[in-house]
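> Sharing a structure below in structure tokens format, with a few things to ask.
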Amino acid sequence: MKIFIDGDGSPVKESAMDIAVNFGIAVVIVTSIDHYSLKEYPANVSFVYVDKGADAADYKIVQLIKKEDILITQDYGLASLVLPKGVTVLHQLGYQYTAENIDNLLEQRHFGAKVRKSGGRTKGPKAFTQADREAFKAALTTLLQNDKSQ
């Protein structure tokens, strides 16, 4: 099992890496070459850099991820592509994407896009808070503890 992180703009990379180190799980962060870093990371963390492009990181994740891996993303479309592969998908707010909720999430996204395209306005996401970070950390920890006990 590996944890993949859709790295462009993810506010939970550090939290996920810290938790993964505690569980001895490899982390793969897929991100645009625009976010290249020389920063030192733990040995269990690797980066896959992709060219610039709206969905380049998504396509690479779909290509690399395997059954029983975990993906951390806020992208509903990406989540819908990897769920059929047997991947567990976790949002940065701590909730899990499932076959039961993904269609509704995609419909909401489509409706919002239609409103914006016709000149309307929709609310953007709320600012990411410390409470959101704690909810994510608790959800990922619980997920990994449950996996370890099986």
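Values in this text are rule-based calculations from the coordinates and carry no lab data. Since the structure is predicted, the reported quantities are computational estimates derived from the model, not experimental observations. Virtual Cβ from ideal backbone geometry, glycine too; neighbours counted across all protein chains shown.
> Measure nothing fancy, just the Cα-based angle from helix 13-23's long axis to the longest principal axis of the chain, in degrees from 0 to 90, nearest 10.
The angle comes out near 40 degrees.
> Running a GNM on the chain with Cα contacts under 10 Å, which residue among Thr122, Thr31, Thr73 ends up with the highest mean-square fluctuation?
Result for the chain, Cα springs under 10 Å: Thr122 fluctuates most.
> Further question: Run the numbers on region 25-71 and let me know its relative contact order in percent, using alpha-carbon pairs under 8 Å that are six or more apart.
The value is 39 percent.
> Return the distance in nm (one decimal) between the two label points of a simple spin-label model at Arg116 and Lys137, each offset 7 Å from Cα along Cα→Cβ.
Distance between label points: 3.1 nm.
> Taking just the C-alpha trace of region 3-55, give me its Rg and Dmax in Å.
Over region 3-55's Cα set, Rg and Dmax evaluate to 11.0, 33 Å.
> So, one more: Using alpha-carbon pairs under 8 Å, 6+ residues apart, how would you state the relative contact order of the chain in percent? Write down the numbers at each step before the final one.
Numbers: 201 pairs, mean separation 32.8, N = 150.
Reported relative contact order: 22 percent.
> With the contact rule set at Cα under 8 Å and sequence spacing of 6 or more, what percent relative contact order holds for region 1-81?
37
> In the chain, how many lysine pairs have Cα atoms under 19 Å apart, counting only pairs 8 or more places apart or on different chains?
Lysine pair count for the chain: 20.
> Per residue of region 58-66, in order, report the coupling 6.51 cos²θ - 1.76 cosθ + 1.60 (Karplus, θ = phi - 60°) as ³J(HN,Hα) in whole Hz, putting x for Gly and Pro.
The phi angles translate into 4, 4, 5, 4, 4, 5, 8, 6, 10 Hz.
> Right, here's the next one. For the chain, what is one quarter of the convex hull surface built on the Cα atoms, given in nm²?
Averaged projected hull area, Cα only: 9.6 nm².
> Answer with one residue from Tyr41, Leu81, Val21: the one whose Cα lies farthest towards the positive end of the charge dipole of region 2-149, charges on Cβ with Lys, Arg +1 and Asp, Glu -1.
Of Tyr41, Leu81, Val21, it is Leu81.
> Would you calculate, for the chain, the mean residue ellipticity at 222 nm contributed by helices, counting each DSSP H stretch of 4 or more residues as -39,500 (n - 2.57) and dividing by all residues, to the nearest 500?
Rounded to the nearest 500, it is -13000 deg cm²/dmol.
> Charges only on Cβ, +1 for Lys and Arg, -1 for Asp and Glu: so what's the dipole of region 2-149 about the Cα centre, in debye to the nearest 20?
I would put it at about 380 debye.
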